[in-house]
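Reviewing the structure listed below.
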Amino acid sequence: MPKRILVALDTTDTAQAVDLCTSLEGLVGGVKLGLEFVSANGPDGVRAVTDTGQPLFLDLKFHDIPNTVAAAVRSVVPLQPTILNVHASGGTAMMEAARDAARETAREHGVPAPMTIAVTVLTSLDDADLAAVGQRNPAESQAVRLAELAKDAGLDGVVCSPKEILAIRAACGPDFKLIVPGIRPLWSVTGDQKRFSSPAAAIKDGADYLVIGRPITAAENPADAARRIGDELEEL
Ligand code: C5P
C-alpha cells in the first residue's frame with residue numbers, strides 16, 4: 001500500500017528534492033516533479049532525483065499540436081518516468097501521438113514504457129471559469145467526458161480530484177488508472193486544499209495512486225508522516 005503514495009516535490013531546490021527522496025526510500029511508491037522543478041533544474045535536476053531510485057511521475061501537462069507533444073514526449077522518455085501526462089483537452093489526435101511516442105521511444109531505448117495519463121479539468125477552474133472560455137458543461141461532467149476521451153485515445157488513466165473518483169471509475173472501468181491529489185490525512189492541516197479526502201477514503205473510492213505533497217514534505221519528520229499514511233492504508 002505505501003506503493004500507492006506519490007510524493008509531490010513542489011520545490012526548485014534539487015538538494016532538498018534528493019534529500020526527501022532518500023529519506024522516503026521504501027516508504028512511498030514514487031515522487032512527482034512538475035513544471036516548477038523542471039523549469040528551474042532541467043533534465044539534469046530530474047536525473048538527480050531518479051538517481052535516488054525513486055520512481056518518477058513527470059507532471060509536465062503537455063498541451064500543444066500533436067507533432068510538438070510527440071516530440072516533447074520523445075525528449076522526456078529517456079529520463080525514464082514511470083508516469084507522464086498531457087492535457088486531455090488537447091484532443092484525441094494529440095493524446096494518441098503522445099501515447100505512440102511514449103511507447104516507441106521506450107522501445108528504442110530499451111526502457112519500460114511510461115504510463116501516459118491525462119489531466120481533465122484543472123480543479124482551479126469552476127463552472128463560471130469554464131463558461132467564460134465557452135465551455136458550458138459543469139466541471140464534473142466535463143471531467144468525465146475528457147476521461148472517456150482519454151480512455152478512447154488509449155491512455156492509461158487520468159489525474160482526478162477525490163470527488164470525481166466514483167464518476168470516472170463508473171464511466172471508464174476498473175483498469176483505467178486514477179491518480180488523485182487533494183489528499184489530507186485526518187491528522188494533518190488542510191493548507192489551501194478545499195475539497196480533499198483522506199488517503200483511506202480515496203483508496204476505498206477506487207484511487208490507484210495518491211499524490212500527496214505537504215502532509216509529507218512539510219511534516220516535521222517526512223519519513224514518519226509517510227510511514228503513518230502507509231500504515232493506515234495497510235489496515236484497509
Ligand atoms: O501539498 P499538496 O498535497 O496539496 O500537493 C498536491 C500536489 O498535487 C501539488 O503538486 C499540486 O499542484 C497537485 N495538484 C492538486 N490538485 C489538482 C491537481 C494537481 O493539488 N487538482
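The values are calculated or read from the model by the stated rules, or taken from the named source; none is laboratory data. Predicted model only: the values in this text are computed from it and were never measured. In this analysis, Cβ positions are derived from the backbone assuming ideal geometry, glycine residues included, and neighbour counts consider all displayed protein chains. All accessible areas refer to the heavy atoms of the entire protein, side chains included, with ligands and DNA or RNA removed. Shrake-Rupley method; radii C 1.70, N 1.55, O 1.52, S 1.80 Å.
Overview of values
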item: Boolean, residue 170 is surrounded by 19 or more Cβ atoms within 10 Å (Cβ to Cβ) and small (Gly, Ala, Ser); result: no
item: Those residues of region 112-140 which are at pLDDT 95 or above and either among the hydroxyl-bearing types (Ser, Thr, Tyr) or within 13 Å of the chain's Cα centre (by Cα) (or both), in sequence order; result: 114, 115, 116, 117, 118, 119, 120
item: The one condition in (1) more than 23 Å from residue 16 (Cβ to Cβ); (2) modelled with pLDDT under 95; (3) within 15 Å of the ligand (Cβ to nearest atom); (4) open to solvent by less than 70 Å² (accessible area, probe 1.4 Å) that residue 195 fails to fulfil; result: (4)
item: Hits in region 36-94 - residues which are farther than 23 Å from residue 14 by Cβ, β-branched (Val, Ile, Thr) and over 16 Å from the mean Cα position of the chain (by Cα); result: 65, 68, 69, 92
item: Among residues of region 10-28, those that are in a helix (DSSP H, G or I) and closer than 22 Å to residue 60 by Cβ, counted; result: 7
item: From the options 139, 207, residue that is farther than 20 Å from residue 32 by Cα and either out of contact with any helix residue (DSSP H, G or I) (no Cβ under 9 Å at 6 or more places or on another chain) or open to solvent by less than 70 Å² (accessible area, probe 1.4 Å) (or both); result: 139
item: Count of region 29-79 residues which are surrounded by 15 or more Cβ atoms within 10 Å (Cβ to Cβ), among the aliphatic types (A, V, I, L, M) and not in a helix (DSSP H, G or I); result: 5
